[in-house]
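A.B. asks: Following this message is one structure expressed as structure tokens.
Where a number appears in this text, it was derived from the coordinates with a stated rule and is not lab data. Keep in mind it's a predicted model, so treat the numbers as computed, not measured. Please note: Cβ atoms are built from the backbone with ideal geometry, for glycine as well, and neighbour counts cover all protein chains shown.
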Amino acid sequence: MANFSNAELATILRDAVKDYRAAGVTDIPLSRPQLWAAIQAIRDLLDGAAFRNAVSGAIDTATSPVAMTAPQKKRLFGRVIQAMFRNEVA
């Protein structure tokens with residue numbers, strides 16, 4: 001499982017805290033280690049073999065009989081996730 005660098009974690013954590021405050025939450029209910037663990041859990045899920053195989057299989061089924069390469073699938077998946085959550089995170 002891949003890990004975020006400390007700089008990446010710090011950026012995600014900073015943005016998460018900003019989101020809490022923007023939503024009017026002044027007393028953040030989680031500690032820094034808890035937030036870091038949650039961030040890493042999301043990364044581990046998305047980086048896990050079962051998840052990747054499920055996404056790959058779904059794309060293969062949708063595009064059959066044409067096959068996409070792994071890098072094409074990865075780029076497509078990234079763009080879909082960005083589009084889905086653009087308004088959620090902005």
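A.B. asks: Please compute the Cα-Cα pair-distance distribution of the chain with 10 Å bins starting at 0, giving whole percents from short to long.
C.D. replies: P(r) over the chain, rounded to whole percents: 14, 36, 31, 15, 4, 0.
A.B. asks: Could you tell me the relative contact order of the chain? Use alpha-carbon pairs under 8 Å, at least six residues apart, and round to a whole percent.
C.D. replies: Working: 27 pairs, mean separation 24.8, N = 90.
Reported as a whole number, the value is 28 percent.
A.B. asks: Measuring from the lowest to the highest alpha carbon on each principal axis, how far does region 49-90 reach, largest first, in angstroms?
C.D. replies: Rounded to whole Å, the extents work out to 36, 21, 16 Å.
A.B. asks: Same structure, new question: Calculate the length of the line joining the C-alpha centroid of region 46-90 to that of region 1-30, in whole Å.
C.D. replies: 25
A.B. asks: When a footprinting reagent is the concern and you count Cβ atoms within 10 Å, what order do VAL25, VAL55 take, fewest first? Don't skip to the answer; put the middle values down first.
C.D. replies: Working: VAL25 11, VAL55 16.
The fewest-first ordering by Cβ neighbours comes to VAL25, VAL55.
A.B. asks: Sort LYS73, LYS18 by Cβ crowding within 10 Å, fewest neighbours at the top.
C.D. replies: On the way: LYS73 18, LYS18 10.
Neighbour counts put them in this order, fewest first: LYS18, LYS73.
A.B. asks: Rounded to the nearest 500 deg cm²/dmol, what is the calculated helix-only ellipticity per residue at 222 nm for the chain, with -39500 (n - 2.57) per DSSP H run of length n ≥ 4?
C.D. replies: On the way: 4 runs with 68 residues, N = 90.
Helices in the chain give a 222 nm mean residue ellipticity of -25500 deg cm²/dmol.
A.B. asks: Within 14 Å, Cβ to Cβ, of ARG14, how many net charges do the neighbouring residues add up to if Lys/Arg are +1 and Asp/Glu are -1? Please list the in-between numbers first.
C.D. replies: Working: positive: LYS18, ARG21, ARG32; negative: GLU8, ASP15, ASP19.
In short, 0.
A.B. asks: What is the sum of charges around ALA70, taking Lys and Arg as +1, Asp and Glu as -1, for the other residues whose C-beta is under 13 Å from the C-beta of ALA70?
C.D. replies: Details: positive: ARG52, LYS73, LYS74, ARG75; negative: ASP60.
Surrounding charge for ALA70 is +3.
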